[in-house]
Amino acid sequence: MFRTATTSSLASRFFISINHPRIAPLTIPLASLTNHAPIAFDGPAKRQYNRNHGGEQHNQRKKRAGPLHFIAASSFLSWFSKKSDDENTPESQLITIIKRSILSIQKEEYQKAEQMLHLALKMAQDLQSKDGITYIYDIMANLAMEVGDFAKAEKLFVNVMQRLFSDGFLEDHIKMLHISSKVAHLAQLQGHLDKAAQGFEWTLAKLEEKLKQLGDDNGKEIRELWGITKNWYAQLLMECKRFAEAKQAFLQAYEAYTEIHGKLTEEGLTILNNLSVACSNLEDYASAERFLKEAISLAAQIPDLSEAGVYKANLGLLYLQQGLLRQASEFCTFAWRYGNQHKHEETVIQATYCLEQIKAMQK
């Protein structure tokens, strides 16, 4: 959670800004965190603190897009699942294969999922099921996004969007806006920052228009997508060193996410961590510490949360930035032990770096 939340973020070692890698459902993304916090202060401690923000970005770009926990009950699937209740029909067999491919993705069995999706696509084409083909392309796009093949993912999402257009969907339909948000995020992950900014800003404007029309009571899905898009946009702002704007966008994303899902979620904690990184770059260390401590407190209530140690390491690095060696040593030592105990490599790397810097400063 504390790297930068974009696949290319693991490359620089700063205060970890983590991008939560698995959060976006097929048609309703839940929360994708991809942050980049460039170095805002001089010295290795600050670079490391931010590296979790900026280096995470590099890592995120290489690994995966960041949001992909699939929801099997997609509205795409419902378009053609009602055609037959007979388990022996070709349509039902197709639906079964699609569901199994989604299950394989959830288990991170990506090669198996890819093979099943190609089989499903052939079946859908033989059945001339337009809705089935569209849905399968959507899953393929998300799978490509998950494994870090961003160019392929973008191409597939554009294909899905074109198919929806041909079926009469308008550009501001919720399905189209989900894809628009992801395409903007993919542009960011590939380093096309101007294109990403235009995509995010257009999508957010359309979502805000819809929220005004629907009101708070009927706009839950719109509000959720708006929060996800705000979070991705905040990560882009971090990469562009627009830290004050990023902080505001992270705050808005956190409010939207927690009002729907509550505070005890890994994704919400990731946003808090990234908020801390934004505040650190603004040299607002009191707020950075407050957000991290809140994340640590909430993480203690989530069983077996592997990123809990990263939050502690980040807090140690924040103290190190300020020359508070005793506090830095306390949190980084805890994080080092926690990371080894839970076999969480990023925590160990982060904590080790912190402890080495403390030793160097004590000489």
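Can GLY268 be described as touching a residue at least 24 places away in the same chain (Cβ under 8 Å), part of a helix (DSSP H, G or I) and closer than 30 Å to LEU317 by Cα?
Numbers: touching a residue at least 24 places away in the same chain (Cβ under 8 Å): yes; part of a helix (DSSP H, G or I): yes; closer than 30 Å to LEU317 by Cα: yes.
Considered against the rule, which asks whether it is touching a residue at least 24 places away in the same chain (Cβ under 8 Å), part of a helix (DSSP H, G or I) and closer than 30 Å to LEU317 by Cα, GLY268 comes out as yes.
If we keep just the residues of region 175-215 that are without any contact (Cβ under 8 Å) to a residue 40 or more places away in the chain and touching a Gly at 6+ places or on another chain (Cβ under 8 Å), which is surrounded by the fewest Cβ atoms within 10 Å (Cβ to Cβ)?
Checked region 175-215; the qualifying residue surrounded by the fewest Cβ atoms within 10 Å (Cβ to Cβ) is LEU211.
Please find, among ALA234, ALA286, the residue that is within 25 Å of ALA313 (Cβ to Cβ), without any contact (Cβ under 8 Å) to a residue 12 or more places away in the chain and in a helix (DSSP H, G or I). Explain how you work it out, then say what you get.
On the way: ALA234 fails: without any contact (Cβ under 8 Å) to a residue 12 or more places away in the chain.
Testing whether each residue is within 25 Å of ALA313 (Cβ to Cβ), without any contact (Cβ under 8 Å) to a residue 12 or more places away in the chain and in a helix (DSSP H, G or I) leaves just ALA286.
In region 152-198, what count of residues is obtained for those that are charged (D, E, K, R) and under 19 Å from the mean Cα position of the chain (by Cα)? Can you show your working first?
As a first pass, look at region 152-198 and keep what is charged (D, E, K, R): 152, 154-155, 163, 167, 171-172, 175, 182, 194-195.
Right, trim to under 19 Å from the mean Cα position of the chain (by Cα) and you get 152, 154, 175, 182, 195.
The total comes to 5.
Working carefully through the options LYS182, LYS112, LYS155, find the one that is part of a helix (DSSP H, G or I), charged (D, E, K, R) and out of contact with any helix residue (DSSP H, G or I) (no Cβ under 7 Å at 6 or more places or on another chain). Steps first, please.
Numbers: LYS182 fails: out of contact with any helix residue (DSSP H, G or I) (no Cβ under 7 Å at 6 or more places or on another chain); LYS112 fails: out of contact with any helix residue (DSSP H, G or I) (no Cβ under 7 Å at 6 or more places or on another chain).
Just a single option satisfies the conditions, and that option is LYS155.
Could you grab me the full set of residues in region 87-100 that are in contact (Cβ under 8 Å) with a residue 40 or more places away in the chain and of a type in the set (Ser, Thr, Tyr)?
Within region 87-100, none qualify.
Which residue is nearest to GLY219 (Cα to Cα), if the candidates are limited to region 158-179 and must be part of a helix (DSSP H, G or I) and among the aliphatic types (A, V, I, L, M)?
If we filter region 158-179 for residues that are part of a helix (DSSP H, G or I), which is where we start, we get 158-166, 174-179.
Right, trim to among the aliphatic types (A, V, I, L, M) and you get 158, 160-161, 164, 174, 176-177, 179.
Numbers: VAL158: 25, VAL160: 24, MET161: 22, LEU164: 22, ILE174: 11, MET176: 16, LEU177: 14, ILE179: 18 Å.
The qualifying residue nearest to GLY219 (Cα to Cα) is ILE174.
When you scan region 225-245, do you find a residue that is open to solvent by less than 40 Å² (accessible area, probe 1.4 Å) and closer than 30 Å to SER129 by Cα, even just one?
Checked region 225-245: at least one residue is open to solvent by less than 40 Å² (accessible area, probe 1.4 Å) and closer than 30 Å to SER129 by Cα.
Being touching a helix residue (DSSP H, G or I) at 6+ places or on another chain (Cβ under 7 Å) and outside any helix (DSSP H, G or I) is the filter here, so list the residues in region 249-265 that pass it.
LYS263, LEU264
Output the number of residues of region 249-287 satisfying the condition of being more than 13 Å from ASN231 (Cβ to Cβ), open to solvent by 50 Å² or more (accessible area, probe 1.4 Å) and among the hydrophobic types (A, V, I, L, M, F, W, C).
Matching residues across region 249-287 total 3.
Being assigned to a helix (DSSP H, G or I), out of contact with any helix residue (DSSP H, G or I) (no Cβ under 9 Å at 6 or more places or on another chain) and more than 19 Å from LEU272 (Cα to Cα): is that true of LYS343 here? Full working, then the answer.
Working: assigned to a helix (DSSP H, G or I): no; out of contact with any helix residue (DSSP H, G or I) (no Cβ under 9 Å at 6 or more places or on another chain): yes; more than 19 Å from LEU272 (Cα to Cα): yes.
It is false that LYS343 is assigned to a helix (DSSP H, G or I), out of contact with any helix residue (DSSP H, G or I) (no Cβ under 9 Å at 6 or more places or on another chain) and more than 19 Å from LEU272 (Cα to Cα).
Could you check region 127-174 and list, in sequence order, the residues that are among the aliphatic types (A, V, I, L, M) and open to solvent by 10 Å² or more (accessible area, probe 1.4 Å)? Write out each step before concluding.
Taking region 127-174 as the starting set, the residues that turn out to be among the aliphatic types (A, V, I, L, M) are 127, 133, 136, 139-141, 143-145, 147, 151, 153, 156, 158, 160-161, 164, 170, 174.
LEU127, ILE133, MET140, VAL147, ALA151, LEU156, VAL158, MET161, LEU170, ILE174, listed by residue number.
Cβ-Cβ below 7 Å, separation at least six or inter-chain, first residue in region 346-359 and among the charged types (D, E, K, R), second surrounded by 22 or more Cβ atoms within 10 Å (Cβ to Cβ) and in a helix (DSSP H, G or I): which pairs?
Going by the 7 Å Cβ cut-off, the qualifying pairs are GLU346/VAL310.
The values are calculated or read from the model by the stated rules, or taken from the named source; none is laboratory data. Computed from a predicted structure; not experimentally measured. Quick reminder, even Gly has a Cβ in these numbers, built from the backbone with ideal geometry, and neighbours come from all protein chains shown. Note: areas computed on protein heavy atoms with side chains; ligands, DNA, RNA excluded. Shrake-Rupley method; radii C 1.70, N 1.55, O 1.52, S 1.80 Å.
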